[in-house]
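The values are calculated or read from the model by the stated rules, or taken from the named source; none is laboratory data. None of these values were measured; they are calculated from a predicted model. Neighbour counts run over all protein chains shown; Cβ positions are idealised from the backbone, glycine included.
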Amino acid sequence: MKRISFLTGTIVLACLFAAASVNAQEICRTAGFWGTHAAVDPDKPGSTNITEEVMKAWLISQGEPLTFLPGGGCVNEFGPVSCNFEPPGPAGSPKECREAKRNAETVPSIDVFGTSVLDICGQMISLNDVTPPMDPAPVVEALCVSPKGDPNLQLARQLTAAALNCIMSGGGPTCAGTSIGSEFSQCNSVCGDPSQVDQISLCIEKVDCFNNGGVWDYTASYCQDVTNSCHDQPLTFTIGGGPVLE
């Protein structure tokens, strides 16, 4: 796959309560990254569940009355949630992804908090905040699910990763105002539609291109790449507009 850079700039995003201010320089990682960084391995010092921390940071930035602060990589004092996962540290235990590939047949519809974070292919994906935790976590199922020839599952996996990338880039989980915004909306709407098989296949390529730091060339219909892409940017960002947490 070829990849291309977006504009370089300061990696600071400011999401207001109702709208997001998109970064000049977007930040992105692959679905594989999000899946393997969605669990903590106690045998790997520095291992962090970056995936759920980003989801927590978004909820807090939107005024969700959570009773905890994001841990490991995010700080919230007087509203903004500042996150720094650079360097990201080692991936967590692969057990989570293995279990998801073995057990998950569809994108999960699990609303643990009562407030969903990601709306992917008509399914609501929330955080894993139960005791003991669900195994695997809902977002891990979406990221690590084995498509088994089902293009809808593959598209759902790529859309989940894109939504996480967009949160870091200032577009929120719907990718509003980002370079992938219109494609995300269109691809999310056709996911699961049996009459849109060709469009779903094209969507997989387009969203995967974004997640890898590329830009889709609509004339040649392929993914271009250059240096210093969003995939090369450090995982450092700030989401503003949240409440003061005690």
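For the range 195-228, which positions are in a loop (DSSP other than H, G, I, E, B) and either touching a helix residue (DSSP H, G or I) at 6+ places or on another chain (Cβ under 7 Å) or closer than 17 Å to residue 147 by Cα (or both)? Once the filter is applied, which keeps residues that are in a loop (DSSP other than H, G, I, E, B) and either touching a helix residue (DSSP H, G or I) at 6+ places or on another chain (Cβ under 7 Å) or closer than 17 Å to residue 147 by Cα (or both), the range 195-228 yields 212, 213.
Of the residues that make up the range 153-171, is at least one over 30 Å from residue 95 (Cβ atoms), out of contact with any Lys or Arg (no Cβ under 8 Å at 6 or more places or on another chain) and in contact (Cβ under 8 Å) with a residue 40 or more places away in the chain?
Residues of the range 153-171 that are over 30 Å from residue 95 (Cβ atoms), as a first pass: 170-171.
Of the ones still in play, those that are also out of contact with any Lys or Arg (no Cβ under 8 Å at 6 or more places or on another chain) are 170-171.
The next check asks that each one be in contact (Cβ under 8 Å) with a residue 40 or more places away in the chain; those that pass are 170-171.
Yes.
Residues that are at pLDDT below 95 and β-branched (Val, Ile, Thr) do not occur anywhere in the range 203-212.
Criterion first (crowded, with 16+ Cβ neighbours inside 10 Å, out of contact with any Gly (no Cβ under 7 Å at 6 or more places or on another chain) and at positive phi) does residue 213 satisfy it? Let's see the steps before the verdict.
Numbers: crowded, with 16+ Cβ neighbours inside 10 Å: yes; out of contact with any Gly (no Cβ under 7 Å at 6 or more places or on another chain): yes; at positive phi: yes.
Answer is yes for this residue.
Name the residue, out of 73, 63, 79, that is closer than 16 Å to residue 239 by Cα, crowded, with 17+ Cβ neighbours inside 10 Å and modelled with pLDDT under 85. Result of the check over 73, 63, 79: 73.
Right, residue 192: over 16 Å from the mean Cα position of the chain (by Cα), outside any helix (DSSP H, G or I), buried (at least 21 other Cβ atoms within 10 Å of the Cβ) and at pLDDT below 95 or not?
Details: over 16 Å from the mean Cα position of the chain (by Cα): yes; outside any helix (DSSP H, G or I): yes; buried (at least 21 other Cβ atoms within 10 Å of the Cβ): no; at pLDDT below 95: yes.
Answer is no for this residue.
Applying a threshold of 6 Å to beta carbon distances and a minimum spacing of six or more residues, or different chains, the list of pairs starting in the range 20-44 at a residue that is over 24 Å from residue 214 (Cβ atoms) and ending at one that is assigned to a loop (DSSP other than H, G, I, E, B) and modelled with pLDDT under 85 reads 39/93; 41/93.
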